[in-house]
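Working notes, beginning with the structure itself.
The values are calculated or read from the model by the stated rules, or taken from the named source; none is laboratory data. As the structure is a prediction and not an experimental result, all values here were calculated from the model. FYI the Cβ positions are ideal-geometry reconstructions off the backbone, even for glycines, and counts take in every protein chain you see. The accessibility values were calculated without ligands, DNA or RNA, using every heavy atom of the protein model including side chains. Shrake-Rupley method; radii C 1.70, N 1.55, O 1.52, S 1.80 Å.
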Amino acid sequence: MNKKQKEIKLSPMVLKKLRETSGYTVAEIAKKLGISKEKIISVEEGESSFTLIQIKKLADIYKRPLAAFFSTSIPDLPMLVDYRINRTKKLSPGIYQAERKVQYLSEKIKEISEKRSEFPIFPQELNADELAKKFKSYLNVEIKKSQSSEEILKYYKEILERKLKIFIIEYPLKADDIRAFSFYSDISSIVLNEEDKASIKLFSLFHEICHLLRETSGICSLELEIKQGSQDIETFCNLFAAEFLVPLDDLKKECEKFEQINDEVVNQLTEIYGVSKQVIMIRLLWLRYINIDYYEEFKKRMEKSLKEKKSGRRNWEKVFLNRIGNFALNETKKAYNEGKITYYEASSILDLKTKYTEKFIIT
């Protein structure tokens with residue numbers, strides 16, 4: 001018969017905060033550990049303790065180093081406004097992991113590079129369309145067209161990270177109601193839902209860029225069906241993203257090439273601009289190239305999921321590059337080459353396995 005495991009006394013406040021900042025309820029952790037909710041509560045109130053085996057299991061569940069459980073305090077997560085449609089729905093642990101990741105990256109890159117995000121200042125009275133045009137002029141870019149969504153997304157990510165000095169990373173958020181979130185800080189960040197199609201990520205990217213230009217942070221669902229004239233921030237950011245990626249003037253010129261707008265033309269326009277079919281349909285509806293009945297019929301036939309169906313092996317090198325982003329990688333690599341940080345520190349900052357650290361940092 002096995003000897004009863006010795007319980008280890010840890011800070012109740014730390015244990016509770018580790019759970020909360022990992023996105024788990026008492027009931028969820030009780031189920032994962034195979035113990036009662038009452039036991040979890042008693043531990044977090046300082047009346048009981050966990051065994052070392054239970055602590056190690058929690059470290060694995062929370063995706064935290066074991067040392068965190070023996071700390072005396074846990075940093076607060078950034079305060080993000082919840083802009084989701086269903087705000088009563090619990091946020092997934094993936095959101096909390098992503099928040100911790102960008103918070104850690106922000107602190108470390110700020111420390112090793114001494115850089116800060118740089119945003120242009122535009123008049124607050126600009127409407128979304130005007131702001132999109134001004135921002136495009138600031139970036140000194142023309143509209144990117146007739147390439148794959150993946151290529152357009154990569155193009156804009158590189159420009160935005162370099163010009164604004166921000167993190168743009170992709171992360172498995174494990175949430176079907178969250179497209180992206182942004183965090184306005186000394187070094188600001190945008191996290192895109194890794195599981196979304198590239199066309200969705202592209203629109204999400206510029207929606208979140210608008211949030212940062214307005215100095216706001218938030219978790220977003222991106223409800224595209226908005227009423228023109230609405231003044232809320234989510235509508236504003238959607239209008240900004242739509243005008244940046246599918247300018248109405250440019251769309252009019254494209255539409256003039258066709259005798260009539262039908263499903264085939266909509267598919268062609270989707271390929272031209274790299275955005276989702278729904279974005280194109282809404283822009284055509286606003287321009288009155290299609291009527292509401294045509295749009296409603298399209299909605300009934302829209303059965304595809306927002307998530308891409310994964311098939312075959314994943315390109316893990318590409319996945320990990322997207323999870324750290326260009327800005328964090330370049331600054332970490334620069335600090336390593338200048339001798340400011342060790343190889344181990346570079347690997348820790350980027351949270352990479354050895355073979356990828358060697359490939360991204362050394363070669």
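Looking at this model, which pairs from Lys6/Lys174; Lys39/Lys174; Lys17/Lys90; Lys6/Lys101 are more than 24 angstrom apart at the alpha-carbon?
The answer is Lys6/Lys174; Lys39/Lys174; Lys6/Lys101.
Over every pair of different alpha-carbon atoms in the stretch 36-125, take the mean of 1/r and invert it; report that Kirkwood radius in Å.
About 16.9 Å, per the Kirkwood formula over Cα pairs.
Got a number for carbon plus sulfur as a percent of the chain's accessible area, 1.4 Å probe? Don't skip to the end; give the middle numbers.
Details: 9440 of 19370 Å².
Carbon and sulfur: 49 percent of the exposed surface of the chain.
Please give the direction-averaged projected area of the C-alpha convex hull for the stretch 15-174, in square nanometres with one decimal.
Its average projected convex-hull area is 13.6 nm².
Per residue, how much accessible area does the stretch 81-148 show when a 1.4 Å probe rolls over the protein heavy atoms, in square angstrom?
58 Å²
For the stretch 100-254, rounded, prolate or oblate, judged on the Cα gyration tensor with a ≥ b ≥ c (square roots of eigenvalues), a/c < 1.5 rounded, else prolate if a/b > b/c?
Note, shape of the stretch 100-254 comes out rounded.
Of all the C-alpha pairs in the chain, what % are more than 32 Å from each other?
40 percent
Place the peptides 26-35, 212-221, 176-185, 121-130 in order of packing, highest mean first, counting for every residue the other Cβ atoms within 10 Å and averaging per peptide.
Descending packing order for the listed peptides: 176-185, 212-221, 26-35, 121-130.
When ligands, DNA and RNA are left out and all protein chains stay put, how many square angstrom of accessible area per residue does the stretch 167-207 have with a 1.4 Å probe?
Working: 780 Å² over 41 residues.
With all protein chains present, the stretch 167-207 gives 19 Å² per residue.
Any idea of Lys355's accessible area? Nearest 10 Å², probe 1.4 Å.
130 Å²
Under the rule of -39500 (n - 2.57) per DSSP H run of 4 or more residues, summed and divided by the residues of the chain, what mean residue ellipticity at 222 nm is obtained, to the nearest 500 deg cm²/dmol?
About -16000 deg cm²/dmol.
Tell me, what does the Kirkwood hydrodynamic radius of the stretch 1-70 come to in angstroms if you use every pair of distinct C-alpha atoms? Walk me through the intermediate numbers first.
Working: mean 1/r = 0.0825 Å⁻¹.
Computed over Cα pairs of the stretch 1-70, the Kirkwood hydrodynamic radius comes out at 12.1 Å.
Report the far tail of the P(r) of the stretch 114-196, meaning the percent of Cα-Cα pairs longer than 15 Å.
Numbers: 2282 of 3403 pairs.
Tail of the P(r) past 15 Å holds 67 percent of the pairs.
Let me know the shape class of the stretch 72-127, please: from the alpha-carbon gyration tensor, a ≥ b ≥ c as square roots of the eigenvalues, rounded when a/c is under 1.5, otherwise prolate if a/b is greater than b/c, or oblate. Show your work: numbers first, answer last.
Numbers: a/c = 2.80, a/b = 1.05, b/c = 2.67.
Oblate shape, in that a/c is at least 1.5 and b/c is the bigger or equal ratio.
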